[in-house]
Structure formats: C-alpha cells, structure tokens
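Okay, structure first, notes after.
The values are calculated or read from the model by the stated rules, or taken from the named source; none is laboratory data. Predicted model only: the values in this text are computed from it and were never measured. Note that we place each Cβ from the backbone using ideal geometry, even for glycine, and neighbour counts take in every protein chain shown. For the accessible areas, the whole protein counts, side chains as well, though only heavy atoms, and no ligand, DNA or RNA atoms are used. Shrake-Rupley method; radii C 1.70, N 1.55, O 1.52, S 1.80 Å.
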Amino acid sequence: LATLNGRPLCSYAFETVASLDLDRCFACVRSDAVAELAQAAGLEVLRVEGQPQQSDSLRRGLKAAQDCGATQVLVTLADMPFVPATHMADLFDMAGHDAAASRFDTQRLPPAVFPASRFAELLALTGDQGAGRVIQALPEPQILTLPEQSFWDIDTADDLERADRKMKDLKTTP
C-alpha cells in the first residue's frame, strides 16, 4: 500500500467520503488491505476481481447504487487524497438533474456526481476510461473548480514523493 505522510494514501479519500451525509457509501476495491481500510472508515466494500480497469470499478459501484435505488452517485478516486468534503457536497448541490464534475486548470475530472438518468450511459463504458468521456461532455455550468491545494492526483511514485514533501513542508511552515 502506498503511504502518504505515514498513512495509507486511500485512507484520506475514504475518510472524506465517510464524512459526507450520504445514505450509502461504497468503495470498489481489489485488495484485502484496501478493503480493510475502507471498512474501517465506514464504507461498504464492493470487490472488483482480477485486474480491473477503471470502467470495471465504475460499473461495479453503479450497479450496487442502482440495486439500492440511488438517485445520484458520487464518483471519486482514492488517489486524490486532498479533495475537501465541502467540494464534494457542492457537487451534489450543483448536480440537480444533470451531472456535475470538477476541474483543475483546464482538466475536467472526478470527483463528479451523476444522477440516475446517467447510469445507463456510465454502465455502457468499457476499458480504462472511467467516467472521463462523460465528464468531458458536460456543459460548463456543471463544472466546479477544484482549489489548487486540493488537486493532488497521485498516480506515480514521483507524484507520491512530491505530495509527501509538500505535506512535510506545510507542517514546517509557521
């Protein structure tokens, strides 16, 4: 498990999602260690077997949401540890009858909120694209800017090292 500032990277996102006032919270996971962390944060674990691509995890979560009658879903990523709960809550407020997603600089990305009317479109996605194509097609008023200090998408060991250094710098800054 990748760690950031001495904690598992995914635990930050899990705790943020768990802090929201949502009816149900799912974490789509592959490993036992990540499943334990999700459960410890109060999330329901959905297993994604094998070598899943982004669309596999997305479909697994959407099917579970559909099965329990969800009217909206929040799609967020465990490798973005510093997205504040207030940003996610604002996405729900923005979404209404359409989807709402985040932006950093010119890049549109999760977290995003999708209404049930978009579930079929998302369930049809395949491959390693996740909800990206749907997010890119959203109209500008449905996009919420993510503050720079919140945008740390940690995809590589170098990203993790930079984020860890940044956190240490923040702790030593008066």
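Once both axes come from the Cα atoms, what is the angle between helix 85-95 and the longest principal axis of the chain, in degrees from 0 to 90, rounded to 10?
The two axes meet at around 20 degrees.
Would you kindly compute the Cα radius of gyration of the range 59-108 and its largest Cα-Cα separation (Dmax), both in Å?
12.2, 36
Taking one equal scatterer on every alpha-carbon of the chain, how large is log10 of I(q)/I(0) by Debye at q = 0.09, 0.10, 0.15 1/Å?
-0.30, -0.37, -0.86
Among Pro110, Pro141, Pro84, which one shows the highest mean-square fluctuation when the chain is modelled as a Gaussian network with alpha-carbon springs under 10 Å?
Pro141
Work out from phi, with θ = phi - 60° and the Karplus expression 6.51 cos²θ - 1.76 cosθ + 1.60, the ³J(HN,Hα) of each residue of the range 51-64, listed in order in whole Hz, and give x for Gly and Pro.
10, x, 9, 3, 5, 5, 5, 4, 4, 4, x, 5, 4, 5
For the range 22-98 and the range 134-151, what is the separation of their Cα centres, given in Å?
That distance is 18 Å.
Explain nothing, just the number: relative contact order of the chain, from Cα pairs under 8 Å at least 6 residues apart, as a whole percent. Don't skip to the answer; put the middle values down first.
On the way: 260 pairs, mean separation 40.0, N = 174.
Computed over the chain, the figure is 23 percent.
For all pairs of alpha-carbon atoms in the range 107-171, what percent lies in each bin of width 10 Å, listed from the first bin to the last filled one?
Using 10 Å bins, I get a P(r) of 16, 39, 28, 15, 2 for the range 107-171.
Applying 1/(1 + (r/R0)^6) with R0 = 30 Å to the Cβ-Cβ distance of Arg162 and Ala116, what FRET efficiency is obtained, to the nearest 0.05?
Once the sixth-power term is evaluated, E becomes 0.20.
Any idea how far apart Gln149 and Ala137 come out in nm if each label point goes 7 Å out from Cα toward Cβ?
3.7
Using a 1.4 Å probe, how large is the accessible area of Thr76, given in Å² and rounded to the nearest 10?
For Thr76, solvent-accessible area is about 40 Å².
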